[in-house]
Amino acid sequence: MHILLFDDPAIQPNLLPFTFTRPVAALRCGILTIAEKWQHHLQQPVHYLTQPHLREKFPAGPTEGPALVINGAVCPDEKLIEQVQALQPGEALLSEELLVAAYLPDASEVAELIQDGYRDVRQAKGSLTIISQPWHLFQQNGAQIRQDFALLTKGRQSQPVNDAHTIVYGAENIFIEEGVKIRAAILNAEDGPIYLGKDVQVHEGAILKGPLAVCEAAHVNVGAKLRGDNTVGPYCRVGGEMANSILMAYSNKGHEGYLGNSVVGQWCNLGADTNTSNLKNNYAPVKIWSHAAGRFVNTGLQFCGLMMGDHSKCAINTMFNTGTVVGVGANIFGAGFPRNFVPSFSWGGSSGFETFRLPKAGEVAERVMSRRNLPYDQTEQDIMAYVYEATAKDRVWERAAGNSTAPIVIE
């Protein structure tokens with residue numbers, strides 16, 4: 001049985017800028033990505049039905065034989081897994097009108113399923129966790145940490161803290177994988193679990209409060225304050241203050257500064273003393289830029305910080321307004337607040353932007369990835385080239401110049 005996680009065409013555009021560079025199911029919420037959750041529950045490999053420019057990096061795998069086709073925006077739990085596994089050939093599971101999963105006798109029939117629909121349907125029982133907007137990631141993060149913690153630690157024995165100067169509260173809610181090093185920190189799991197992945201390092205004076213996931217080989221720097229409902233993704237570095245936020249993977253927030261109610265993609269860097277506002281002074285609902293709608297939309301939330309796409313960077317002392325969206329491959333610097341929507345491949349700040357041309361952005365990506373011994377190969381380059389062209393319309397200074405290749409600064 002093949003497991004295929006598909007990008008729902010009604011949801012995928014709403015999750016930009018994160019889904020410019022990954023399938024919906026590759027988004028991290030909790031300890032695991034959505035795809036990893038399904039893989040752990042079903043105990044077999046999963047593959048992706050995603051956008052054409054992502055298929056080389058995220059392949060569909062075998063396309064012959066029976067397949068479970070599953071909506072990549074849906075986070076599984078035990079009740080949903082039972083319903084999916086109970087599907088018979090030709091049946092589909094819906095949540096109202098949303099396709100949750102379908103059992104195809106032949107995986108090659110996916111196109112027909114999308115075009116013609118399905119005849120035999122069941123309605124899903126119980127409430128589902130569906131990630132259909134970027135802010136849903138941090139909204140659901142605490143609950144997903146709890147679920148993933150139970151999934152990953154069931155029947156297993158945690159490694160010990162092994163540090164006499166570390167203070168622990170709620171030790172029964174802490175799980176430590178092999179290779180973890182902790183020195184003179186405070187771990188408080190009384191309000192939710194703390195998961196420390198393989199080879200994590202927690203440095204002196206750090207305060208960790210659950211629910212919290214610190215994933216493989218991540219570092220929690222000296223004096224960091226992680227206030228709960230946080231995910232520090234694999235190979236990330238985090239310092240300063242962080243609350244109800246997600247760093248996907250390979251990103252750094254290594255210094256002082258506040259990150260709250262935010263989601264940061266891969267290969268990002270937040271300079272020292274970068275701060276995000278997550279609450280407006282008038283306490284009004286936060287609006288953020290929607291790539292799908294082409295305008296600012298109301299989140300209905302009082303707290304919403306920064307949404308930053310992959311390969312974006314900001315310099316020291318950067319200040320982000322409430323509900324700022326930064327695209328892919330942007331480089332932000334200078335005094336003052338940058339605009340609430342920073343398009344992909346922007347170079348500049350509050351005084352104006354020009355285009356961060358693709359060859360230069362590629363040079364930075366290559367240097368950054370090589371520090372982690374990973375190649376900026378042709379597959380990665382092709383994804384970045386696609387995003388560069390697809391987001392040209394957002395770089396309004398290019399349109400104003402009447403020339404999509406000439407970088408023009410807006411004053």
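So here's what we get for this one:
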| quantity | calculated |
| --- | --- |
| Some residue of segment 122-139 being at pLDDT below 95 and either in the same structural domain as Gly300 (by TED's automatic domain parsing) or assigned to a helix (DSSP H, G or I) (or both) | no |
| Only one of Phe356, Phe337 that is on the phi < 0 side of the Ramachandran plot and without any contact (Cβ under 8 Å) to a residue 24 or more places away in the chain | Phe337 |
| Residue ID - surrounded by the most Cβ atoms within 10 Å (Cβ to Cβ), chosen from residues in segment 349-363 that are touching a Pro at 6+ places or on another chain (Cβ under 8 Å) and of a type in the set (Gly, Ala, Ser) | Gly349 |
| Odd one out for Gly300 among (1) of a type outside the set (Lys, Arg); (2) over 19 Å from the mean Cα position of the chain (by Cα); (3) surrounded by 19 or more Cβ atoms within 10 Å (Cβ to Cβ) | (3) |
| Long-range neighbours under 6 Å by Cβ, at least six apart or interchain, first residue farther than 22 Å from Gly323 by Cα within segment 224-246, second outside any strand (DSSP E or B) and of a type in the set (D, E, K, R) | Pro234/Glu216 |
| Tally, over segment 37-67, of residues that are touching a helix residue (DSSP H, G or I) at 6+ places or on another chain (Cβ under 8 Å), more than 18 Å from Ile130 (Cα to Cα) and assigned to a strand (DSSP E or B) | 1 |
| Boolean, Val110 is at pLDDT below 95 and surrounded by 18 or more Cβ atoms within 10 Å (Cβ to Cβ) | yes |
| Filtered residues of segment 140-158 (kept if loosely packed, with under 15 Cβ neighbours inside 10 Å and outside any helix (DSSP H, G or I)) | Lys154, Gly155, Arg156, Gln157 |
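The values are calculated or read from the model by the stated rules, or taken from the named source; none is laboratory data. On a predicted model such as this, the values are computed, not experimentally measured, just so you know. Every residue, glycine as well, gets a Cβ built from its backbone with ideal geometry; the counts of neighbours run over all protein chains shown.
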